[in-house]
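The values are calculated or read from the model by the stated rules, or taken from the named source; none is laboratory data. Note that the structure is a prediction, hence the values are computed from the model and not measured. Please note: Cβ atoms are built from the backbone with ideal geometry, for glycine as well, and neighbour counts cover all protein chains shown. We work out accessible area using only protein heavy atoms, side chains counted, and drop any ligands, DNA or RNA first. Shrake-Rupley method; radii C 1.70, N 1.55, O 1.52, S 1.80 Å.
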Amino acid sequence: AQTVTQSQPEMSVQEAETVTLSCTYDTSESDYYLFWYKQPPSRQMILVIRQEAYKQQNATENRFSVNFQKAAKSFSLKISDSQLGDAAMYFCAYRGTRGTYKYIFGTGTRLKVLA
Amino acid sequence: DAGVIQSPRHEVTEMGQEVTLRCKPISGHDYLFWYRQTMMRGLELLIYFNNNVPIDDSGMPEDRFSAKMPNASFSTLKIQPSEPRDSAVYFCASSLVGNTEAFFGQGTRLTVV
């Protein structure tokens, strides 16, 4: 069975600095998708970035980028130039591609942004 | 499209009562998921449907929980009887197999007293 692990329950970053959130996963599949979702206090789940496992190039969305290490089964999220609005819970998620399309989430990392 | 719509946003009920949570997925989406979020366990998948058929209900905690999807535009999650440990935020999400993103509703915060 696939699992997703986020080992950092809480992280803090100074405004305008860079922070990296960690995520590891376990799977026997070779093709899959990985995601980072943001959950602000409003409770809404918002997709931040996604990565296809067959793509070697790391995904980037403006200030958000990932470091995808397939062999190590690691998928970290880097937030550059942190802003107060980045404060939220961040969830890492996995979805397979062969027969099972469920999304498996980690337990989340709460990010605090300090002014 | 208005996105995934869940109702109610908040529900407070007494232990032993029946609770029904509702979800309207995004039109055209063929997958629907029910998740439960708690501080201790994060986001747990309870059950998911494909084309209205339950595919995996292994996350349903016990027989007190049941879920249905009578048509492509509506799903319910029922808890009967409810217990205080069922207090959590329940999310519904939908997706299209060709589009990898799962779209979430606003969630229902359930409090069982």
Checklist outcome for this item: Sorted list, accessible surface of protein heavy atoms, 1.4 Å probe, largest first, for A:109, A:20, A:100 is A:20, A:100, A:109
Checklist outcome for this item: Interface buried area B-A, accessible surface with 1.4 Å probe, both sides summed, nearest 100 Å², comes to 1900
Checklist entry - Put +1 on the Cβ of each Lys and Arg and -1 on the Cβ of each Asp and Glu in chain A; which of A:25, A:84, A:67 then has its Cα farthest toward the positive end of the dipole? => result A:25
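Can you tell me how much longer the chain between residue A:2 and residue A:54 gets when fully stretched, taken as 0.36 nm per residue apart minus their C-alpha distance, in nm with one decimal? Can you show the working numbers first?
Values: separation 52, 0.36 × 52 = 18.72 nm, distance 1.75 nm.
Computed gain between residue A:2 and residue A:54 is 17.0 nm.
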Checklist outcome for this item: Straight-line reach check, residue A:55, cutoff 25 Å on alpha carbons, 8 or more apart in-chain or any other chain, hits among lysines -> A:38, A:70, A:73, A:78, A:102
Next on the checklist: Working only with C-alpha atoms, what are the Rg and Dmax values of segment B:63-110, expressed in angstrom?
Outcome noted: 12.9, 39
Checklist entry - If eta is 1.567 mPa s and T is 4 °C, what Stokes-Einstein diffusion coefficient results for segment A:1-81, Kirkwood Rh from Cα pairs, in µm²/s? => result 95
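Defining a contact as two alpha carbons under 8 Å apart and six or more residues distant in sequence, what relative contact order in percent does chain B show? Intermediate values should be presented prior to the final figure.
Numbers: 289 pairs, mean separation 42.1, N = 113.
Worked out over chain B, it gives 37 percent.
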Checklist entry - Once amide H atoms are placed 1.01 Å from N in the peptide plane, what residues at a sequence separation of 5 or more from residue A:66, or on another chain, have their amide H within under 5 Å of its amide H? => result A:59, A:78
Checklist entry - When the convex hull of the C-alpha atoms of chain B is computed, what volume per residue in Å³ does it have? => result 93
Checklist entry - When chain B is modelled as a GNM with alpha-carbon springs shorter than 10 Å, which of B:53, B:97, B:89 fluctuates the most? => result B:97
Next on the checklist: Test of understanding: in a Gaussian network model of chain B with alpha carbons linked when under 10 Å, which of B:82, B:66, B:58 would top the mean-square fluctuation ranking?
Outcome noted: B:58
